Amino acid sequence: MFRISQYMRELAQAEQTGQYPQVRDRQARGPVVIWNLIRRCNLTCKHCYALSADHDYEGELTLPEVYTVMDDLKAFGVPALILSGGEPLLRPDIFEISARAREMGFYTGLSSNGTLIDAPLAERIAGAGFDYVGISLDGLKPTHDKFRRLDGAFDRSLAAIRHLARHGVKVGLRFTMTALNAHDLPNLLQLMKDEGANKFYFSHLNYAGRGNIHRDKDAHHQSTRAAMDLLFEHAWRDAQAGCMDDYVSGNNDADGPYLLQWVRRNLPQWESALHERLVRWGGNASGQMVANIDNLGHVHPDTMWWHHDLGCVRDRPFSEIWNDTSDPLMAGLKQHPRPVQGRCRDCQYLAICNGNTRVRAQQLTGNPWFEDPGCYLSDEEVGAPSTPFTPSKGKSRRTINVAPATA
């Protein structure tokens, strides 16, 4: 996750005081765990990485098994649990799980599509004390309902945001941009303000699950740049005004270098300080400080790697699985610098983005270390030439050059 607003607030403070603030990075021994507690969902969204449907899935972790895993996660130093699905609210014991997570001191988030949250359920969610609730919106009503494959889904999710806000729950909007919904981004940012939401999470499309099936509908790189410019504009304006709303992005760590370029153009006196700050951030954290456990207890480097199984918590503790580098992918993800190839290897921003997400390269070429085809920075910007590639058997046959396409 790239915390746009955090860096903008630091820059705003630097402008006010004449000195870039000294920020102590939070040290955590273990990764943030995104936990897909249930695969069942009442929706079948086009870009779902879990390929969920509205039926039960056999073999999901029982409540005692969940508690055992939580004990191991706490001992391992995991700071936060993001409870997800499917639709996590379809799990009958979700509030028992969240209560125990809070009692154990985990930062506890809930990731929901929002369609099930009526006034009584919103009150119960508020009483559970979640630190944050993320509600997915893929555009305004026509776009969102089409993405979610359910007429009325937008109205129900918007109602959920309002119910939660009335109870003082910190709620945010989650948006995955593709070529089919990029036009709705400005209106969603305005909706965030109008509804009093505290956070906007912008997710670049990653090639996994249904997101992989529909990767040909990913937004063009120039559209991505325009979206980031808009997010930077909103975050900078809020930071200058002292507003504590958060804009964050995920699934494309080129956002860090792109912010550095924005600062070079607009606040050049702070470029060096921000560069140092972004190197400390360290870029993509898959297999390092971000982890995923699926509904069956299988561990993955992050949520986009469901096709790569590191082991099951029923067989070995999470802590043991996570530290095991006998798996070649995990060994490479934990390596510094990572063994990336092509222009990623020679990129001047490698120390900032850490080679970006590796799943796009793996899905399109069969090679997880090839240069990231989702990087929207030009060859000139990264200081290295692109390497055209022919995807491996079973992948798209077209030759792809990762330099930005035209809009």
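Data for the structure
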{"read-out": "Condition met for A14 (out of contact with any helix residue (DSSP H, G or I) (no Cβ under 6 Å at 6 or more places or on another chain) and of a type in the set (G, A, S))", "value": "no"}
{"read-out": "Criterion violated by D346 - all others in (1) crowded, with 21+ Cβ neighbours inside 10 Å; (2) closer than 23 Å to A331 by Cα; (3) modelled with pLDDT of 90 or more satisfied", "value": "(1)"}
{"read-out": "Listing of helices (runs of 4 or more DSSP H) fully contained in segment 206-296 that carry 3 or more residues being modelled with pLDDT of 95 or more", "value": "221-241, 255-266, 271-281"}
{"read-out": "Residue that is nearest to H300 (Cα to Cα) [pool: residues in segment 7-25 that are surrounded by fewer than 17 Cβ atoms within 10 Å (Cβ to Cβ) and touching a residue at least 12 places away in the same chain (Cβ under 8 Å)]", "value": "D25"}
{"read-out": "Residue in segment 58-94 that is modelled with the lowest pLDDT, counting only those that are in contact with a Lys or Arg (Cβ under 6 Å, 6 or more places away or on another chain) and crowded, with 19+ Cβ neighbours inside 10 Å", "value": "G86"}
{"read-out": "Flag if L110 is in a helix (DSSP H, G or I) and at negative phi", "value": "no"}
{"read-out": "Subset of segment 158-202 (residues that are part of a loop (DSSP other than H, G, I, E, B) and of a type in the set (G, A, S))", "value": "G168, A179, G196, A197"}
{"read-out": "Odd one out for E123, checked against (1) of a type outside the set (V, I, T); (2) in a helix (DSSP H, G or I); (3) out of contact with any helix residue (DSSP H, G or I) (no Cβ under 9 Å at 6 or more places or on another chain)", "value": "(3)"}
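The values are calculated or read from the model by the stated rules, or taken from the named source; none is laboratory data. Bear in mind the structure is a predicted one, so any value in this text is a computation, not a measurement. In this analysis, Cβ positions are derived from the backbone assuming ideal geometry, glycine residues included, and neighbour counts consider all displayed protein chains.
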